[in-house]
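Visitor: Provided herewith is a single structure, encoded as structure tokens, for subsequent inquiry.
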Amino acid sequence: MFDIGFWELGLIAVIALIILGPERLPRAARTAGLWMGRARRMMAEVKADIKREVDAQELAEMKKIGDELKQTGSSLKETTDSLNEVIGAESMSSAPAASGATPSAGAAAPAAEQPDKPATSS
């Protein structure tokens, strides 16, 4: 977190020993440890709260997407049902005409011939 190496910690310990003395150094170290523990717990709680909020937001977004998919699915089903009804109605009305076995107009139409182009001379 602070990127403090072993030698830096050793130097801080020697300076603390000189300034505080051997009687007060253990109490000061314990107090510093307690404060560090409290700070770490507080940071962990904040991190957990943020993660819970992000997860709740993602869950709400996923629920919204799920609702949109359900709506789209029902709309698609309605469209499919109406198309099936139209196709069924057309097949019933075209059934007597299909028994005549006449080719369709698009298949029987001859290809249009293009008129000859005059030759270009140079």
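Any read-out appearing in this document is the output of simple, stated calculations on the displayed coordinates, not a laboratory observation. If you're wondering where the values come from, they're calculated on a predicted model, not measured in any experiment. For neighbour counting, all protein chains shown are included, and Cβ atoms are generated from backbone atoms with ideal geometry for every residue, glycine included.
Visitor: Along Cα→Cβ, 7 Å out, is where each label goes; now give me the distance between the ones at Lys70 and Leu11 in nm to one decimal.
Guide: 6.4 nm
Visitor: For Lys63 and Leu20 in one chain, what is 0.36 nm times their gap in residues minus the Cα-Cα distance, to one decimal in nm?
Guide: Working: separation 43, 0.36 × 43 = 15.48 nm, distance 5.95 nm.
Computed gain between Lys63 and Leu20 is 9.5 nm.
Visitor: Here is a follow-up. How much length is gained if the chain between Val54 and Ala28 is pulled fully straight, taking 0.36 nm per residue apart and subtracting their Cα-Cα distance, in nm to one decimal? List each step's numbers first, then the result.
Guide: Values: separation 26, 0.36 × 26 = 9.36 nm, distance 3.90 nm.
My answer for the length gained is 5.5 nm.
Visitor: Also, I was wondering about something else. Chymotrypsin sites (Phe, Trp or Tyr not before Pro), restricted to segment 1-85: which are DSSP loop and have at most 12 other Cβ atoms within 10 Å?
Guide: Numbers: sites: Phe2, Phe6, Trp7, Trp35; in loops: Phe2.
Sites meeting the loop and neighbour criteria: Phe2.
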